[in-house]
1. Which whole-Hz couplings ³J(HN,Hα) result when phi for each residue of the stretch 136-143 is put into the Karplus expression 6.51 cos²θ - 1.76 cosθ + 1.60, θ = phi - 60°, listed in order with x for Gly and Pro?
2. To the nearest 10 degrees, how steeply does helix 91-107 sit against the main Cα axis of the chain, on a 0 to 90 scale?
3. For n ≥ 4 DSSP H runs only, could you compute -39500 (n - 2.57) per run for the chain, divide by its residues and tell me the 222 nm figure to the nearest 500?
4. To the nearest 10 degrees, how steeply does helix 47-57 sit against the main Cα axis of the chain, on a 0 to 90 scale?
5. With angles folded into 0 to 90 degrees, how steeply does helix 146-161 sit against the dominant principal axis of the chain? Use alpha carbons for both and round to 10.
6. Which one, Gln77, Val148, Met117, is farthest towards the positive end of the dipole of the chain when Lys and Arg carry +1 and Asp and Glu -1 on their Cβ?
7. Beyond 21 Å between alpha-carbons counts as too far, so tell me which of Lys41/Lys155; Lys40/Lys78; Lys78/Lys106 fall in that bin.
8. Evaluate the charge dipole of the chain about its Cα centre and quote only its size in Debye, nearest 20, assuming +1 on the Cβ of each Lys and Arg and -1 on the Cβ of each Asp and Glu.
Amino acid sequence: MPAAIYPGSFDPLTNGHLSLIQRGLAIFDKVIVAIATNPKKTPFFTVEERRAQIRQACDDSRVEVDDFQGLLVDYAQKRRVGVILRGLRAVSDFEYEFQLANMNRKLAPDIETMFMMTGEDYFFISSQLVREVASFGGNVEGMVPDNVLKALRHKYAPAKKKGHK
C-alpha cells in the first residue's frame, strides 16, 4: 500500500506512537506523521519541537513529518492519501475513534480509517499522562523515546529550580 496518514498532537511523542508508526511501516510504503495544530489550544511543545522530536526518533526515510490545521480529510485529500491510521489503546478510545471515523467517512467517502491496537506494553500511555507525570518529577523513562525524555526533563527543570514539585 502506498501511504497512510497517522495524525495526532504528539505532544509529546510516546513509545506507543513509535510502535504504531513502525507497525504501520510494515503495511504501508510510507507513513505521514501529521501533527494536528489547533489554534485554540496551547501545546506543551511547539510544532517545530515536535517535528524535530519525531524526525529524530523515527530514523526511517519512509516516515514523513508534517503538520496541518483544519479537517483531517481535507488534509488527506490535499496529500492524495486514502488511508488514515489510528491507534486504539482501550475500549474507551474506541467510541471516540469510531465517531471520528464515521464523520470522516461522511465527509470524504473515499478515505478509509484503519485502526491498530496499541501494543500491550504501551496501552496505558498517553501524551497527557506522560506530561502530567513528568511535571511532578516522575520517571517517564521507557514511555517516550530518549530524545523526548531529555526534552521533557529540560522543559520541567526550570520549575524544579523555582521550588515547584
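Where a number appears in this text, it was derived from the coordinates with a stated rule and is not lab data. As the structure is a computational prediction, the values presented were derived from the model and not from experiment. Counting neighbours? That spans all protein chains shown, and the Cβs are built from the backbone with ideal geometry, glycine included.
1. In residue order, the calculated couplings are 9, x, x, 7, 10, 4, x, 9 Hz.
2. The two axes meet at around 40 degrees.
3. Working: 6 runs with 72 residues, N = 165.
Only helices count here, giving -13500 deg cm²/dmol.
4. Compared with the principal axis, the helix lies near 90 degrees.
5. That helix lies at roughly 40 degrees to the long axis.
6. Result: Val148.
7. Numbers: Lys41/Lys155 18 Å; Lys40/Lys78 23 Å; Lys78/Lys106 17 Å.
Where the Cα-Cα span goes over 21 Å, the pairs concerned are Lys40/Lys78.
8. So the magnitude is around 680 debye.
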